[in-house]
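Structure, as structure tokens:
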Amino acid sequence: MERAVASWSVLWRRGSWYLLGLDLTREGPRMFKMSRMNATPETVGGTDAYQVPDDVDLQALARQVEPGEPDSRALLALRDNKAPALRRIGTPVAPPRALPEGFACFEVPYTRDSDFVADIAAAGPDVVVLEPAELRDQVLAQLRAVLEVSHDRS
């Protein structure tokens, strides 16, 4: 999805870089995970084209729009030595069923309204969602959408 953003700051949070700014599309402040950007940003205007409003405290705003605390848990099969970000936040657990060779089971906390589906999809064949089924369906839908776009471009 393309966005128009008046960029205010770049922040390091929870092991990732984020762009904090005014989302002109949604008309409100937002924080965007930079690793999720799949195209080179197009610059519009000069260096000082966007000013942070005097009444905006960037650190307070970053805490406000940052993803919330986990409210769900997923069981993921992770390929050995792959998906380090998911591995780091997960806890190794006994799998509920046999896993493909080279995979281990992790319980991973996540926030339902976060980019967790995209994070899993980005790992491709190195992650298998075991539970919940709803999350697995969302990841599959994301992967199918990416495949469809890539076929349309070729």
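The values are calculated or read from the model by the stated rules, or taken from the named source; none is laboratory data. Bear in mind the structure is a predicted one, so any value in this text is a computation, not a measurement. We place every Cβ from the backbone using ideal geometry, glycine too, and count neighbours over all the protein chains shown. Side chains included, ligands, DNA and RNA excluded: accessible areas come from the protein's heavy atoms. Shrake-Rupley method; radii C 1.70, N 1.55, O 1.52, S 1.80 Å.
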Across the range 80-98, which residue is farthest from Y18 (Cα to Cα) among those that are surrounded by fewer than 19 Cβ atoms within 10 Å (Cβ to Cβ) and touching a residue at least 24 places away in the same chain (Cβ under 8 Å)?
-> R97
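Which of the residues that make up the range 97-146 are at pLDDT below 85 and either among the basic types (K, R) or part of a helix (DSSP H, G or I) (or both)?
R112, V146
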Residue match in the range 60-70 (condition: among the β-branched types (V, I, T), in contact with a strand residue (DSSP E or B) (Cβ under 6 Å, 6 or more places away or on another chain) and within 24 Å of Y18 (Cβ to Cβ)) = yes
Kindly provide the set of residues from the range 118-154 that are among the aliphatic types (A, V, I, L, M) and either in contact with a Pro (Cβ under 8 Å, 6 or more places away or on another chain) or open to solvent by 30 Å² or more (accessible area, probe 1.4 Å) (or both), ordered by number.
-> A122, V128, L130, A133, L140, A141, L143, A145, V146, L147, V149
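To keep it simple, each residue is scored yes or no on (1) under 30 Å from V129 (Cα atoms); (2) touching a Gly at 6+ places or on another chain (Cβ under 7 Å); (3) part of a strand (DSSP E or B).
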{"site": "T25", "(1), (2), (3)": "no, no, no"}
{"site": "N38", "(1), (2), (3)": "yes, no, no"}
{"site": "D48", "(1), (2), (3)": "no, no, no"}
{"site": "V52", "(1), (2), (3)": "no, no, no"}
{"site": "V56", "(1), (2), (3)": "no, no, no"}
{"site": "L61", "(1), (2), (3)": "no, no, no"}
{"site": "Q64", "(1), (2), (3)": "yes, no, no"}
{"site": "L75", "(1), (2), (3)": "yes, no, yes"}
Exactly one of (1) open to solvent by 80 Å² or more (accessible area, probe 1.4 Å); (2) over 21 Å from E2 (Cβ atoms); (3) touching a Phe, Trp or Tyr at 6+ places or on another chain (Cβ under 9 Å) is unmet by Q59. Its number?
-> (3)
